[in-house]
Amino acid sequence: MEKAPQMHNETNNPANHESSESERPMTAEEAMLAAESYRKFKIASGIEEAKNKSKEIAEMNQDFISYVQSKYDGDASKVSQKEFEIWEDDFIYAWEHQQQAVKDAGLAYNDAEEAKLEQDLFFTGKEEVLHQTIEAQAGRFYRERAKALLEAIQASDADEEQKRHESDLLSNFYNDVNRHIEMKYMTPEEIRDEYPGYSGARDYDRIRTSYHNGAIKTLNSLNDLARKYHLRPFTPRNYWTSEASNQTDDMRRRMRYDRDMVEEYYSIAFQDKVKKANHRLSQALSRGY
């Protein structure tokens, strides 16, 4: 008689055992461990990506400077707007990813830690080098972008008060920049006359700094407004003022870099104003003031 086939217990089949294990719901403790593991992975990945993108942006600025030097003998004014904006688009793309990485690392509201991740971004402190960067050279197209923004504001469905408020940002930016330029290029005697007394020098520094910070904040607002209207921002990123408290060395470095960068930006956007102020100061100093 033929022997009947032996029936196997499915629970003893390793494949079936693995399947049942994978389908088994996680316990609360296992879910917490998995969530914590993913959180740590997300933070570590964000930190690494933020560092890499900061380095990439610094290299991009340096590549742009080298490109202008080799192709245009260092004269960035010869770079067409279309050509420039190819570089600027790459910068914007990298910066957006860098900022997302900062968020992924859970450091979007931790200035000290964010500034630490961005150390490689601040590749120079020399004004003449900052002047040649993608960020500063965006100042060449300030008026075209201001005109586009004004047209978008006027064409919007906003009420007249809102339109006026948004349009005023452009004049506010110019006024803060103009006052900062005036103060920067004052003669020592003018400073003493306008800010006399024991605390005069401190008052001068404080007020000059406030106009600089005002220009930075308004430029950031203009960038945000341009993005709201789906326009190209005035600069490829926003900047930090020097107003934060409890500043670390990394924060101060970031703030100094940003302040100098904005100054180089507006020295290009309003180059005639800066040239006149500098010429006036040079003339005054030559006469012994």
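Please treat every number below as a calculation from the coordinates, not as lab data. Values in this document were obtained by computation on a predicted structure and should not be read as measured data. Every residue, glycine as well, gets a Cβ built from its backbone with ideal geometry; the counts of neighbours run over all protein chains shown.
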Practice problem: Quick one: what are the phi-derived ³J(HN,Hα) couplings along region 95-108, Karplus 6.51/-1.76/1.60 with θ = phi - 60°, whole Hz, x for glycine and proline? | Solution: 5, 4, 5, 5, 5, 5, 5, 4, 5, 4, 7, x, 10, 4
Quiz prompt | In degrees, nearest ten, helix 271-286 long axis to first principal axis of the chain (Cα) | solution = 50
Quiz item: Which residue, 125, 46, 214, tops the fluctuation ranking in a GNM of the chain built on C-alpha contacts under 10 Å?
Solution: 125
Practice problem: For the chain, with a Gaussian network of springs between Cα atoms less than 10 Å apart, report the residue from 250, 193, 111 with the top mean-square fluctuation. | Solution: 193
Quiz item: In 10 Å bins starting at 0, how do the alpha-carbon pair distances of region 32-123 split up by percent?
Solution: 17, 37, 25, 15, 5, 2
Quiz item: What FRET efficiency comes out for the pair residue 66/residue 93, r = Cβ-Cβ distance, R0 = 22 Å, nearest 0.05?
Solution: 0.65
Quiz item: Not counting the cut sites, what is the longest span of the chain without trypsin sites (Lys or Arg not before Pro) that DSSP labels loop and that have at most 16 other Cβ atoms within 10 Å?
Solution: 127-286
Quiz prompt | Charge dipole magnitude, Cβ of K and R +1, D and E -1 - region 180-289, Cα centre, debye nearest 20 | solution = 360
Practice problem: Report, please, the projected area of region 123-210 averaged over directions, based on the convex hull of its C-alpha atoms, in nm². | Solution: 8.7
Quiz item: When the Cα centres of region 70-99 and region 105-164 are compared, how far apart do they sit, in Å?
Solution: 14
Practice problem: Treat each spin label as a single point 7 Å out from the Cα along the C-beta direction, and report the residue 110 to residue 36 distance in nm. | Solution: 1.7
Quiz item: If all Cα-Cα distances of region 160-289 are sorted into 10 Å bins from 0 onward, what percent lands in each bin, rounded to whole numbers?
Solution: 12, 35, 34, 16, 4, 0
Quiz prompt | Choice from 255, 183, 26 with maximal GNM fluctuation in the chain (Cα, 10 Å cutoff) | solution = 26
Quiz item: For residue 246 and residue 120, what is the calculated FRET efficiency with R₀ set at 25 Å and r taken between the beta-carbons, to the nearest 0.05?
Solution: 0.60
Self-check item: Crossing angle, helix 249-269 versus the chain [Cα axis fit, 0-90 degrees, rounded to tens]
Solution: 50
